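Report on the structure given below.
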Amino acid sequence: MTMATDKGAAKFDVAVVGASGMVGGELLGLLESRDFPVGELYAFNSGRRNAKVRFRGREYDCSAPTFAALKKAGLVFFVSNEEVADRFAPRLAAAGVWCIDDSSRFRLSRGVPLVIPEVNGAEIKPSRKLIAGPNCTITGAAVALAGVHRRFRVTELRVATYQAVSGAGRSAMGVLEEELKGYFRSGSVRRRAASGFPRPIAFNLFPQVGGFDGEGNSGEENKVRAELKKIWDDGSVRISSTAVRVPVLRGHSLAVWFRTRRPASLAALQKELGRTPGLKFFSRPEDYPTPLENGLRTETVYAGRLRRAGTAPGEYQIWIVSDNLYKGAALNSVQIAERIAAL
Ligand SMILES: NC(=O)c1ccc[n+]([C@@H]2O[C@H](COP(=O)([O-])OP(=O)(O)OC[C@H]3O[C@@H](n4cnc5c(N)ncnc54)[C@H](OP(=O)(O)O)[C@@H]3O)[C@@H](O)[C@H]2O)c1
């Protein structure tokens, strides 16, 4: 439930479903460091293993969620998976509980806003209690080019992604570490059958994130296309991408080519990028961001290496890096919650 504090500000009883996971851990840390007004905290995991999480100096046992247990909260963060979100979030939202879902289950559902607060925060309304957070890959481009799109109308976007293993959850980080250790022990990289990745990831990369559809596009490539159109509320943008998993622990990078409907000079683009909310833009070519330097617990999206593309007049290129676990998931969800608290 939600109640007023002594100072009159709303305080939320908060449930975190997936508290023991990668995103869940970051989310709890951010609720604490950003001083989100949490009343009671309820922590949930699959219930298949014992897990404890810490919040404001207290230890909480995680357990499997039930509808009755979740309904005690005024705000539920779903950072688990599609099936769990599907089972609980619509019913909870109908019962008046705010639900913020980081899975892909409702991102494209009609009536469910897909929100990055600094891009389309106005979509958060008391009448729509279920809110989705976007895919961690497209968040960087959606934030970085939001101002450029508003001012010059991006018509085409080509994206090559370089996605960290943490984008696939805690177990995927373990896979990279195990393969690396195996290499230093034996001199060769071996993929475990249950690694969850289609190929070895240590000293490797592969152009497959998710399964393939009949056209040969991966699940991630389809998410990038559909979600960006929804976030920018512009179905006319043409988007093509190749999603690649790389042996980086944290921080997604994007090489992006874009064209605009209204003519844009390099100087005008630089000016727009310099004042885009949520973005730190580096104008000197050598100041480009990297996942190691800019993708670890960072709150903004970073971009650099803006330049004219050699492919067509009016086409530009840019390099974007963001923390997939912060802006791509946990931080974005907490920022949505902060907007809810301010309604
Ligand atoms: N990683 C990213 O960069 C990223 C970015 C954007 C969105 N997301 C989304 O955020 C969600 C969490 O991702 P993650 O990377 O944190 O994954 P993760 O590290 O694998 O954690 C998954 C969490 O969900 C819990 N869980 C699994 N089955 C459950 C069930 N039946 N009931 C309740 N809880 C259950 C797990 O509990 P146990 O510990 O008991 O298994 C764990 O706490 C996913 O929907 C993912 O698509 C992730």
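Considering the conditions (1) under 25 Å from residue 343 (Cβ atoms); (2) modelled with pLDDT under 95, residue 170 is excluded by exactly one of them, (1). Summed over the stretch 69-106, residues that are within 15 Å of the ligand (Cβ to nearest atom), farther than 12 Å from residue 130 by Cα and more than 19 Å from the chain's Cα centre (by Cα) total 4.
Selection of the stretch 289-320 for residues being farther than 12 Å from residue 144 by Cβ and under 17 Å from the mean Cα position of the chain (by Cα) yields 291, 294, 295, 296, 297, 298, 299.
Every residue, every condition in (1) of a type in the set (A, V, I, L, M); (2) in contact with a Ser or Thr (Cβ under 7 Å, 6 or more places away or on another chain), yes or no:
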{"position": "216", "(1), (2)": "no, no"}
{"position": "219", "(1), (2)": "no, no"}
{"position": "224", "(1), (2)": "yes, yes"}
{"position": "237", "(1), (2)": "yes, yes"}
{"position": "256", "(1), (2)": "yes, no"}
{"position": "271", "(1), (2)": "no, no"}
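Each residue in the stretch 168-192 was checked for being more than 15 Å from the ligand (Cβ to nearest atom), surrounded by 12 or more Cβ atoms within 10 Å (Cβ to Cβ) and among the charged types (D, E, K, R), and 5 pass.
Looking at the structure I just gave you, is residue 195 modelled with pLDDT under 95, within 24 Å of the chain's Cα centre (by Cα) and either assigned to a loop (DSSP other than H, G, I, E, B) or more than 16 Å from the ligand (Cβ to nearest atom) (or both)?
It is true that residue 195 is modelled with pLDDT under 95, within 24 Å of the chain's Cα centre (by Cα) and either assigned to a loop (DSSP other than H, G, I, E, B) or more than 16 Å from the ligand (Cβ to nearest atom) (or both).
Take the conditions (1) open to solvent by less than 70 Å² (accessible area, probe 1.4 Å); (2) farther than 26 Å from residue 250 by Cβ; residue 165 misses just one of them, which is (2). Taking each residue of the stretch 252-266 that is assigned by TED's automatic domain parsing to the domain that holds residue 239 and looking for partners that are open to solvent by 70 Å² or more (accessible area, probe 1.4 Å) and not charged (D, E, K, R) with beta-carbon atoms closer than 9 Å, six or more apart or interchain, yields 252/162; 253/162; 254/162; 255/162; 257/311.
The set of residues in the stretch 117-137 that are closer than 20 Å to residue 280 by Cβ, within 16 Å of the ligand (Cβ to nearest atom) and either touching a Lys or Arg at 6+ places or on another chain (Cβ under 7 Å) or assigned to a loop (DSSP other than H, G, I, E, B) (or both) comprises 117, 134. Residues of the stretch 35-46 that are assigned to a loop (DSSP other than H, G, I, E, B), more than 10 Å from the ligand (Cβ to nearest atom) and open to solvent by 20 Å² or more (accessible area, probe 1.4 Å): 35, 37. Selection within the stretch 73-115: residues that are under 18 Å from residue 12 (Cα atoms) and of a type in the set (Gly, Ala, Ser). The member of this set that is surrounded by the most Cβ atoms within 10 Å (Cβ to Cβ) is 89. Residue 180 falls short of the stated requirement of being modelled with pLDDT of 95 or more, of a type in the set (A, V, I, L, M, F, W, C) and more than 14 Å from residue 247 (Cα to Cα).
The values are calculated or read from the model by the stated rules, or taken from the named source; none is laboratory data. These numbers were taken from a predicted model, which means no experiment stands behind them. Glycine also receives a Cβ, built like all others from the backbone with ideal geometry; neighbour counts cover every protein chain displayed. Just the protein is used for accessible areas: all its heavy atoms, side chains included, with ligands, DNA and RNA removed. Shrake-Rupley method; radii C 1.70, N 1.55, O 1.52, S 1.80 Å.
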